[in-house]
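Working notes for the structure below.
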Amino acid sequence: MRAFSEIITGRAWVLGDNIDTDQIIQGQHLNLLDYEEMAKHALEIPRPEFAQNVKENDIIIAGRNFGGGSSREEAPMILTILGVGCIAAESFARIFYRNAINVGLPVIEIKNATERIVDGQQLTVFLKDGQVKITDTGELIKFMPIPAFMMDILRAGGAIQYYKNHRVN
């Protein structure tokens, strides 16, 4: 597992609205029962080149309702395995948002994200400060910072590790 950082620098991968969990990982690949193998098929529908070209800490930028559809936990998990540093979307399906935090994947909401950020731009996300900096323009985009208790879960590497660290004997 990679170390958590409150500052994430990576390339933007811009997607549209309503990217559901079946577009993140198609149901036909769930029978692989191996997250590493499943990850090779991430985002095959909207971005066939994604899984082979995503780099550590790259940032997914999406429109409205990212992660809708089924509640499959594999969707945020395979993005984490591929090294995605953060997902910034205009809105998230509630269960995907929570599943992402639970597996240690930061998710942030940015109004008009797909209109403000261009595919391939270099970004730096400052989770604690609630800002995204577009490197080539210097533009700062503000977002509502992740609540403190969720940041604690992210710092721990996800909910399971958080609860192991805070278990009362």
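Some points to look at:
- Subset of the stretch 68-110 [at pLDDT 95 or above and among the basic types (K, R)]: R94, R98
- For the stretch 90-128, the candidate set comprises residues that are in contact (Cβ under 8 Å) with a residue 40 or more places away in the chain and in a helix (DSSP H, G or I); within that set, the residue that is surrounded by the fewest Cβ atoms within 10 Å (Cβ to Cβ) is N102.
- If you filter the stretch 7-44 down to residues that are more than 16 Å from C86 (Cα to Cα) and among the β-branched types (V, I, T), you find that the one that is surrounded by the fewest Cβ atoms within 10 Å (Cβ to Cβ) is T21.
- Top-ranked residue of the stretch 129-169 - restricted to ones that are hydroxyl-bearing (S, T, Y) and either in contact with a helix residue (DSSP H, G or I) (Cβ under 8 Å, 6 or more places away or on another chain) or more than 18 Å from A100 (Cα to Cα) (or both), ranked as surrounded by the most Cβ atoms within 10 Å (Cβ to Cβ): Y162
- Residue match in the stretch 1-12 (condition: in a loop (DSSP other than H, G, I, E, B), in contact with a Ser or Thr (Cβ under 8 Å, 6 or more places away or on another chain) and farther than 25 Å from R116 by Cβ): no
- Some residue of the stretch 142-153 being under 16 Å from the mean Cα position of the chain (by Cα), β-branched (V, I, T) and assigned to a helix (DSSP H, G or I): yes
- Taken together, F92, F126 contain a single residue that is of a type in the set (F, W, Y) and within 15 Å of G16 (Cβ to Cβ), which is F92.
- Index of the failed condition, I87 passing every other in (1) surrounded by fewer than 18 Cβ atoms within 10 Å (Cβ to Cβ); (2) touching a residue at least 12 places away in the same chain (Cβ under 8 Å): (1)
- Residue that is in contact with an Asp or Glu (Cβ under 9 Å, 6 or more places away or on another chain), hydrophobic (A, V, I, L, M, F, W, C), under 23 Å from N53 (Cβ atoms) and in a strand (DSSP E or B), where the choices are V84, V132: V132
- Selection over the stretch 48-58 of residues that are assigned to a loop (DSSP other than H, G, I, E, B) and within 22 Å of R2 (Cβ to Cβ) gives a count of 5.
The values are calculated or read from the model by the stated rules, or taken from the named source; none is laboratory data. These numbers were taken from a predicted model, which means no experiment stands behind them. Using ideal geometry, Cβ is built from the backbone for each residue, glycine included, and neighbour counts are taken over all protein chains shown.
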